[in-house]
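A.B. asks: One structure coming up, written as structure tokens, with questions to follow.
The values are calculated or read from the model by the stated rules, or taken from the named source; none is laboratory data. A quick note: this is a predicted structure, and the numbers were derived from the prediction, not measured. Note that we place each Cβ from the backbone using ideal geometry, even for glycine, and neighbour counts take in every protein chain shown.
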Amino acid sequence: MVMDARKQGAGEEDSTAFFSREAVSGVPWMVANKAAMLFVYMGLSVLTVRLLGPVEYGRFVLARSIMEFLAILCAMGLDVAILRFVPELVATRNKAGLRRFLLRVLALQQAAAAIAVVALILARPLLERTFRVDLAGVLLPAGSLLAATIFKDAMNNAFTALFRARIVAVLSFLNGV
């Protein structure tokens, strides 16, 4: 909890404070991260379009769009479970339960990602006919990006549930770059 200035010397916490010190100290990190990411994303978008050209950029965007859709499916709603149960497990000091819970969530999500990648590869002829594009060399990197995105999102949610805003801000920045 945030400590009242009158009680800081006594080392007592203010029981009426709404946000913890960890949450409040993370606000500048999150604001700085959002400001930096605005410029990083804008620069990377311009650079990506110029380096790939219109055809390759179109393939890239299609693969990324499919991946982002699959990431929602592969998360299986467990992101909300992380936000719900991690604080409870930490509050009860159940380290073994926390470790077991996070490992199971990650394993389920990664298994779903593996199944999705196999389904994408099997559906490649259908996707190529539907979108009139050659997806050779695109689906496996998109699948790797899918697995990495799901893992990153789960870790971000776990660190968010633990009020580790600095870690979330740094991971978010690294993800953007």
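A.B. asks: Looking at the structure I just gave you, is Phe69 aromatic (Phe, Trp, Tyr) and at pLDDT 90 or above? Please lay out each step first, then the result.
C.D. replies: Details: aromatic (Phe, Trp, Tyr): yes; at pLDDT 90 or above: yes.
The answer is yes for Phe69.
A.B. asks: Can you find even one residue in the stretch 2-17 that is surrounded by 13 or more Cβ atoms within 10 Å (Cβ to Cβ), modelled with pLDDT under 90 and not in a loop (DSSP other than H, G, I, E, B)? Full working, then the answer.
C.D. replies: Looking only at the stretch 2-17, we keep the residues that are surrounded by 13 or more Cβ atoms within 10 Å (Cβ to Cβ), and these are 2-4, 13-14, 17.
Retained after the next criterion (residues that are modelled with pLDDT under 90): 2-4, 13-14, 17.
From the residues that got through so far, the ones that are not in a loop (DSSP other than H, G, I, E, B) too are none.
Checked against the condition, which is being surrounded by 13 or more Cβ atoms within 10 Å (Cβ to Cβ), modelled with pLDDT under 90 and not in a loop (DSSP other than H, G, I, E, B), the stretch 2-17 yields no hits at all.
A.B. asks: Could you give every pair whose Cβ atoms fall below 8 Å, whose first residue belongs to the stretch 105-126 and is surrounded by 14 or more Cβ atoms within 10 Å (Cβ to Cβ), and whose second residue is of a type in the set (Val, Ile, Thr), counting only separations of at least 6 or pairs across chains?
C.D. replies: Val105/Ile82; Gln109/Ile150; Gln110/Ile150; Ala112/Ile150; Ala113/Ile150; Leu120/Ile66
A.B. asks: While we're on this one: Could you say which residue among Phe159, Phe101, Phe151, Phe85 is surrounded by 14 or more Cβ atoms within 10 Å (Cβ to Cβ) and at pLDDT 95 or above?
C.D. replies: Values: Phe159 fails: at pLDDT 95 or above; Phe151 fails: at pLDDT 95 or above; Phe85 fails: at pLDDT 95 or above.
Going through Phe159, Phe101, Phe151, Phe85 in turn, the sole match is Phe101.
A.B. asks: Going residue by residue through the stretch 41-58, is there one that turns out to be at pLDDT below 85 and in contact with a helix residue (DSSP H, G or I) (Cβ under 7 Å, 6 or more places away or on another chain)?
C.D. replies: The answer is yes; a qualifying residue exists.
A.B. asks: If the Cβ limit is 7 Å and pairs must be 6+ apart or interchain, which residue in the stretch 29-55 that is closer than 18 Å to Ala169 by Cβ and of a type in the set (Val, Ile, Thr) pairs with which residue that is part of a helix (DSSP H, G or I) and modelled with pLDDT under 80?
C.D. replies: Pairs found: Val40/Gly176.
A.B. asks: Could you grab me the full set of residues in the stretch 142-166 that are touching a residue at least 24 places away in the same chain (Cβ under 8 Å), closer than 16 Å to Leu106 by Cβ and under 12 Å from the mean Cα position of the chain (by Cα)? Walk me through how you get there before you give the answer.
C.D. replies: Step one: filter the stretch 142-166 for residues touching a residue at least 24 places away in the same chain (Cβ under 8 Å), giving 142-143, 145-147, 149-151, 153-154, 157-158, 160-166.
Of the ones still in play, those that are also closer than 16 Å to Leu106 by Cβ are 146-147, 149-151, 153-154, 157-158, 160-162.
Leu146, Ala147, Thr149, Ile150, Phe151, Asp153, Ala154, Asn157, Ala158, Thr160 - these are the residues of the stretch 142-166 that are touching a residue at least 24 places away in the same chain (Cβ under 8 Å), closer than 16 Å to Leu106 by Cβ and under 12 Å from the mean Cα position of the chain (by Cα).
A.B. asks: Next question, about the same structure. State the number of residues belonging to the stretch 49-71 that are surrounded by 13 or more Cβ atoms within 10 Å (Cβ to Cβ) and out of contact with any Phe, Trp or Tyr (no Cβ under 8 Å at 6 or more places or on another chain).
C.D. replies: Going residue by residue through the stretch 49-71, those that are surrounded by 13 or more Cβ atoms within 10 Å (Cβ to Cβ) are 49, 52, 56-64, 66-68, 70-71.
Subsequent filtering for residues that are out of contact with any Phe, Trp or Tyr (no Cβ under 8 Å at 6 or more places or on another chain) retains 56-61, 63-64, 66-68, 70-71.
The total comes to 13.
A.B. asks: Can you tell me which of (1) at pLDDT below 90; (2) farther than 23 Å from Ala36 by Cα; (3) surrounded by 14 or more Cβ atoms within 10 Å (Cβ to Cβ) is the one Ala136 doesn't meet?
C.D. replies: If we test Ala136 against (1) at pLDDT below 90; (2) farther than 23 Å from Ala36 by Cα; (3) surrounded by 14 or more Cβ atoms within 10 Å (Cβ to Cβ), just (3) comes out false.
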